[in-house]
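Asks: Quick one: this structure, given as structure tokens, is what I'll be asking you about.
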Amino acid sequence: MDENQQIEVPYVVVGGGIAGISCVEALKIYTTEAVLLISESPVVKVITDVQFHTKIAAGFNVEDRNLQCIEDTKYIIDKIIAIDSVAHIIYTLNGREIKYKILCLCMGATPKLLDDKDYIIGLRDTHSVEYFQSILSHAKRVLIVGNGGIATDLVYKLSNIEIIWIIRDEHISSHFLDAGAAEFFSNFLNSHQSSEKVVKRFRYSGQNSSGAALGPDWHCGTMFGKCDNKNVVIEYKTEIKNIFKQDLVKVELTNGKVYDCDFVVSATGVTPNSNLEVRDGKHFDIAYDGGIKVDWKMETNLSDIFAAGDVCTVNWTSEHWFQMRLWTQARQMGMYAAKCMYSTQTNETLLQDFCFELFTHVTSFFGFKVILLGLYNAQGLDKNYELLVRVTEGLEYVKLVIQNGRVVGAMLIGDTDLEEMCENLILNQIDVTNLMDDLLDPNIDIEDYFD
């Protein structure tokens, strides 16, 4: 579409990440009316190879594709800078004015960086990964700050390099794992990914944007440094005090230790891209974490404006579901937002999607399949719960969270084949008080109890 052209379209989605593309694809199922996608980059994230492990829990791959490959979708490569929510007009960086009926904001989030220096890298989009690769092959020691999924995955995928892993918690991957699961993975810290695949690279002209967020398969294969072997050193319960560069980068920690390294990787979370000008005197309700608040229909406080993915913060509660800024939830929110947008436009009755009945996340750590269900780390339960744990060293780690005789969460690491049973127990809230001794007995098929 030409610049400086006034455009009028029923549905507009802003953002080419997982939430935005999922929203666009779902809208095309619900309606034959025009859908316009506004993306800062010609490269967008497309979900492929969805595999359901249970009725709700799904794993998938993410591919980078050119916008031209998205069928039956109008698109603009531009950046939204302001909205008039009364007149229903979007203003873009290149001077476009776009009149909409229903709008969904899927603008994602920006990585929090320790400092804006060329030797501090934030891994959040494909561009930063390519830069990271370009300097890694010359490095002998890297310092990684953060304890989430990207940091954990990076420790596993790096090889032939010394890694100093800085975390402020008492164990690794605390956003996902408990102390027992962290101990289960401790023997795999110095292992690396065995896949011979290489990173999927896509280059298109005109790229000059913040880039879409990484997908779950953000890099395939091992990434190599300059050393002869791999060594991981973890500094627990400490943070960065000071960073400066001489010949090497020097990092001073709050525990008093000082490390030299070639560069620092900052993987300390994200800040929602919610700073958007509203030109009609109104404003978005912003949550404590910087996200745009949305109700159970994914709608903001401004009429006919929805939000999904990392840019939003849910303003509702669910017994066994909670928000984390994950790829799986970006997909769920994007698809559900499309349903809500269509229902608003057509005045149809809307019921909240079933996926919000239960938190689910499918990922992998250190080569092991990881499935998290419900309140897998007893989130919000204080001390009013019991744990059932089964550990087979090097093979599996299974944990059930039980409250008042009912399973409310599960952490399944390895090929446990327990995910469907656990999902059913959580959703149906079956009293398992009399089955506690048998629930995790590998010699008993517990599903026979419920046939």
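Asks: For P(r) over Cα pairs in 20 Å bins from 0, in percent, the choices are (1) 26, 56, 17, 1; (2) 18, 42, 28, 11, 1; (3) 24, 53, 23, 0; which was calculated from the structure?
Replies: Of the labelled values, this structure produces (3).
Asks: Still on this model: Okay, helix-only estimate at 222 nm for the chain: each DSSP H run of n ≥ 4 adds -39500 (n - 2.57), divide by all residues, round to 500 deg cm²/dmol; what do you get? Don't jump to the answer; show the numbers that get you there.
Replies: Numbers: 6 runs with 70 residues, N = 451.
Value at 222 nm, helices only: -5000 deg cm²/dmol.
Asks: Another question, if that's okay. Residues of the stretch 397-418 with the amide nitrogen closer than 11 Å to a label point 7 Å from the Cα of M436, along Cα-to-Cβ, please.
Replies: Only 402-406 pass the distance filter.
Asks: Shifting gears a bit: Ranking request for peptides 150-160, 233-243, 75-85: highest mean number of other beta-carbon atoms within 10 Å first, then the rest in descending order.
Replies: Order by mean packing, descending: 150-160, 75-85, 233-243.
Asks: What does the charge add up to near N273, with Lys and Arg as +1, Asp and Glu as -1, over the other residues with Cβ less than 11 Å from its Cβ? Intermediate values should be presented prior to the final figure.
Replies: Numbers: positive: K79; negative: E40, D310.
Taking every other residue near N273 into account, the sum is -1.
Asks: For L350 and D285, FRET efficiency with R0 = 25 Å and r from the beta-carbon atoms, rounded to 0.05? Can you show the working numbers first?
Replies: Values: r = 21 Å, r/R0 = 0.83.
Calculated transfer efficiency: 0.75.
Asks: Also, quick follow-up: Which length gain, in nm to one decimal place, applies between E420 and K297 when the Cα-Cα distance is subtracted from 0.36 nm times their residue separation?
Replies: Details: separation 123, 0.36 × 123 = 44.28 nm, distance 2.76 nm.
Result for the pair: 41.5 nm of gain on full extension.
Asks: If I take every Cα pair under 8 Å that is 6 or more residues apart in the stretch 375-450, average their sequence separation and divide by the length, what percent do I get for the relative contact order?
Replies: Numbers: 106 pairs, mean separation 18.3, N = 76.
Over the stretch 375-450, the number comes to 24 percent.
Asks: Quote to one decimal, in nm, the extra length available between N384 and Y91 on full extension: 0.36 nm per residue of separation minus the C-alpha distance between them. Kindly include the intermediate steps, with their values, before the conclusion.
Replies: Values: separation 293, 0.36 × 293 = 105.48 nm, distance 5.09 nm.
Length gained between N384 and Y91: 100.4 nm.
Asks: Can you tell me the order of 54-62, 368-376 when each peptide is scored by its average per-residue count of other Cβ atoms within 10 angstrom, highest first?
Replies: Details: 54-62: 19.1, 368-376: 23.8.
Result, highest mean Cβ count within 10 Å first: 368-376, 54-62.
Asks: Arrange the following residues from fewest to most other Cβ atoms within 10 Å of their Cβ: V232, V86.
Replies: Neighbour counts put them in this order, fewest first: V86, V232.
Asks: Going by Cα centres, the stretch 283-347 and the stretch 253-280 are how many Å apart?
Replies: Between the Cα centres of the stretch 283-347 and the stretch 253-280 lies a distance of 25 Å.
Asks: At R0 = 22 Å, how high is the FRET efficiency between V233 and H138 if r is their beta carbon distance? Nearest 0.05 is fine. Working shown, then result.
Replies: On the way: r = 20 Å, r/R0 = 0.93.
Once the sixth-power term is evaluated, E becomes 0.60.
Asks: Now for a different question. Using only the Cα atoms of the stretch 357-404, build the gyration tensor, take square roots of its eigenvalues as a ≥ b ≥ c, and label the shape rounded, prolate or oblate: rounded if a/c is under 1.5, else prolate if a/b is larger than b/c, else oblate.
Replies: The shape class here is oblate.
Asks: Same structure again: Modelling each spin label as a point 7 Å along the Cα-to-Cβ direction, I'd like the K257/A179 distance in nm, to one decimal.
Replies: 1.9
Asks: Using label points projected 7 Å from each Cα along Cα→Cβ, tell me how many nm separate F244 and T392, to one decimal.
Replies: 5.4
Asks: Then there is this: Once the Cβ-Cβ distance between N428 and S186 is put in as r, and R0 is 41 Å, what FRET efficiency do you end up with, to the nearest 0.05? Intermediate values should be presented prior to the final figure.
Replies: Details: r = 35 Å, r/R0 = 0.86.
Result of the calculation: an efficiency of 0.70.
Asks: Order 406-414, 260-268 from most to least packed using the mean count of other Cβ atoms within 10 Å.
Replies: In descending order of packing, they fall as 406-414, 260-268.
Asks: Write down the percent of antiparallel bridges among all DSSP beta bridges whose residues are both part of the chain, to the nearest 5.
Replies: On the way: 56 of 99 bridges.
Just about 55 percent of them are antiparallel.
FYI, it's all coordinate maths here, none of it is from the lab. All figures in this text were calculated on a predicted structure; none of them were measured in a lab. Cβ: placed from backbone, ideal geometry, glycine included. Neighbour counts: every protein chain shown.
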